[in-house]
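**Q** To start, I am sharing the structure in question, which I have written as structure tokens.
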Amino acid sequence: MTEAVQLLRDLIAIPSVNPMRLNTGEPVERAMADYIESVLRCAEIDCERQLVAEGRENVIAIVHASSNSRRNARDGLMLNSHMDTVPVANMAIDPFDPVLSSGRVFGRGSCDAKGSIAAMLIAFIAYANKPDRPSPVVFAAMADEEFSFSGSWKLIEKDWPVTACVIGEPTKLARVIAHKGVARWRVKVTGVSAHGATPDRGRSAIYDGARVALALEAYAEELAALEPHPLLGPGTINVGRVVGGQAVNIVPDLCEFEIERRLLPGEDARKAVLDCATFVRDRIGNGIEFITDEPYLLDPALDTPRDAAVVQAVGAAQRAEMGTESALEGAHYGTDGSKLARAGIQTVVCGPGDIAQAHTCDEFIKVEQVEMGVRLYGHLLSHWNLQA
């Protein structure tokens with residue numbers, strides 16, 4: 001068993017399930033952060049813990065360029081991935097028993113994204129042990145990627161000696177240079193409560209809510225007809241949750257929707273929410289009372305130029321280690337990368353594993369992907385000064 005696979009199995013065995021809320025006080029990533037810190041300190045690499053929320057911290061380590069480097073001391077590269085995972089309910093396997101079978105490692109987070117953390121950490125430590133280090137390199141393990149990206153928002157509050165970043169997510173080691181952003185919010189439709197035996201004395205918020213839902217469906221069709229992004233397709237909207245009513249014998253006075261709008265690069269998130277509300281109001285008229293809450297998540301899209309130094313450098317590493325460079329791709333999901341880009345750090349998403357296995361009931365990652373990830377990241381770090 002290789003060092004990377006053993007490290008990955010150790011990481012999977014440490015639960016780091018995101019409660020899909022932020023300020024719960026639960027130490028979600030703390031045990032993972034403790035373990036990563038111990039690995040770094042055993043390699044004689046100092047690190048810092050950056051508080052994100054109560055019980056939740058980022059882990060960041062910096063290896064500086066060697067004294068003979070001719071590079072700008074701030075022109076470094078960041079390797080960044082996240083420690084948290086999605087919940088484990090209804091999994092078909094033991095989520096924290098990292099079984100190795102048929103060239104695959106199973107367990108929650110194996111693919112998304114502990115495989116990336118393992119590969120990045122091994123490559124980072126190997127780079128730290130080199131006598132000739134051309135550039136500073138930062139390793140960053142993030143808290144709370146799966147819910148609100150609060151770890152990456154906290155990370156960019158501080159200035160780091162980097163101009164570029166590779167985000168570790170399961171892309172099958174392809175280069176993802178664009179992904180959608182997201183806005184999430186709630187809409188509340190109000191009615192008038194009455195006894196279920198005399199519904200004519202009330203007004204059903206669920207009936208009115210159904211009309212709002214049909215308007216939202218029409219809005220989705222409008223978005224689908226707009227000009228698509230070349231890598232991402234059109235923007236989308238989805239009604240993910242509907243809650244309404246108190247009891248079967250009461251006319252409901254409240255129906256609540258939870259809405260997600262996936263945004264293309266260049267779209268303003270708040271304007272997207274407002275445009276949606278305006279469309280719905282125009283569609284249903286003034287007889288239905290509904291309130292659009294303040295969005296609880298606004299996250300930007302990623303759109304890195306094709307000729308960005310980090311995109312080309314990852315391509316060169318692919319040619320050297322994999323024999324060919326990948327196409328440039330887009331992703332419909334979000335990552336921590338758009339926050340780094342917002343801070344002026346050119347970012348590409350590239351990591352071991354297949355997104356098709358992420359969040360699944362039998363999540364796994366192929367061993368060959370993890371081991372290739374180590375080689376790819378290692379080549380990238382050693383040659384960053386020559387290609388950036």
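The values are calculated or read from the model by the stated rules, or taken from the named source; none is laboratory data. Everything numeric in this text was worked out from a predicted model, so none of it was measured. Quick reminder, even Gly has a Cβ in these numbers, built from the backbone with ideal geometry, and neighbours come from all protein chains shown.
A quick yes/no check of all residues on (1) touching a Leu at 6+ places or on another chain (Cβ under 9 Å); (2) buried (at least 22 other Cβ atoms within 10 Å of the Cβ); (3) touching a residue at least 40 places away in the same chain (Cβ under 8 Å):
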site: 140; (1), (2), (3): yes, yes, yes
site: 150; (1), (2), (3): yes, no, yes
site: 157; (1), (2), (3): no, no, no
site: 160; (1), (2), (3): no, no, yes
site: 163; (1), (2), (3): yes, no, yes
site: 167; (1), (2), (3): yes, yes, yes
site: 176; (1), (2), (3): yes, yes, yes
site: 180; (1), (2), (3): yes, yes, yes
site: 184; (1), (2), (3): yes, no, yes
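**Q** Among the residues of the range 336-373, write down those that are touching a Leu at 6+ places or on another chain (Cβ under 7 Å) and among the hydroxyl-bearing types (Ser, Thr, Tyr).
**A** Result: 338, 347.
**Q** Looking at (1) more than 23 Å from the chain's Cα centre (by Cα); (2) buried (at least 24 other Cβ atoms within 10 Å of the Cβ); (3) closer than 19 Å to residue 369 by Cβ; (4) of a type in the set (Ser, Thr, Tyr), which one does residue 135 not meet, given that it meets all the others?
**A** Condition not satisfied by residue 135: (3).
**Q** Any chance you could count how many residues in the range 325-366 are over 16 Å from residue 117 (Cβ atoms), touching a Ser or Thr at 6+ places or on another chain (Cβ under 8 Å) and among the acidic types (Asp, Glu)?
**A** Total meeting the criteria: 1.
**Q** What are the pairs with Cβ atoms under 8 angstrom where one residue, in the range 329-344, is crowded, with 22+ Cβ neighbours inside 10 Å and the other, located anywhere, is of a type in the set (Phe, Trp, Tyr)? Sequence gap at least six, or different chains.
**A** 334/149; 336/149; 339/149; 339/153
**Q** Which residue pairs have Cβ atoms under 6 Å apart, sit 6 or more places apart or on different chains, and have a first residue in the range 356-378 that is closer than 13 Å to residue 85 by Cβ and in a loop (DSSP other than H, G, I, E, B) and a second that is among the acidic types (Asp, Glu) and at pLDDT 95 or above?
**A** Close Cβ pairs (under 6 Å, with a partner that is among the acidic types (Asp, Glu) and at pLDDT 95 or above) amount to 358/112.
**Q** Name the single residue, out of those in the range 295-328 being farther than 23 Å from residue 75 by Cα and in contact with a His (Cβ under 9 Å, 6 or more places away or on another chain), that is surrounded by the fewest Cβ atoms within 10 Å (Cβ to Cβ).
**A** The extreme case among them is 321.
**Q** For the condition modelled with pLDDT of 95 or more, among the aliphatic types (A, V, I, L, M), surrounded by fewer than 20 Cβ atoms within 10 Å (Cβ to Cβ) and under 18 Å from the mean Cα position of the chain (by Cα), what is the one hit in 52, 59, 17? Write out each step before concluding.
**A** Values: 52 fails: surrounded by fewer than 20 Cβ atoms within 10 Å (Cβ to Cβ); 59 fails: surrounded by fewer than 20 Cβ atoms within 10 Å (Cβ to Cβ).
One residue alone meets the criteria, 17.
**Q** Taking the condition of being farther than 29 Å from residue 66 by Cβ and either buried (at least 22 other Cβ atoms within 10 Å of the Cβ) or in contact with a strand residue (DSSP E or B) (Cβ under 8 Å, 6 or more places away or on another chain) (or both), how many residues in the range 101-132 meet it? Before the answer, list the steps.
**A** First, pick out the residues of the range 101-132 that are farther than 29 Å from residue 66 by Cβ: 101-115.
With either buried (at least 22 other Cβ atoms within 10 Å of the Cβ) or in contact with a strand residue (DSSP E or B) (Cβ under 8 Å, 6 or more places away or on another chain) (or both) added as a condition, the list becomes 103-115.
Residues meeting the conditions: 13.
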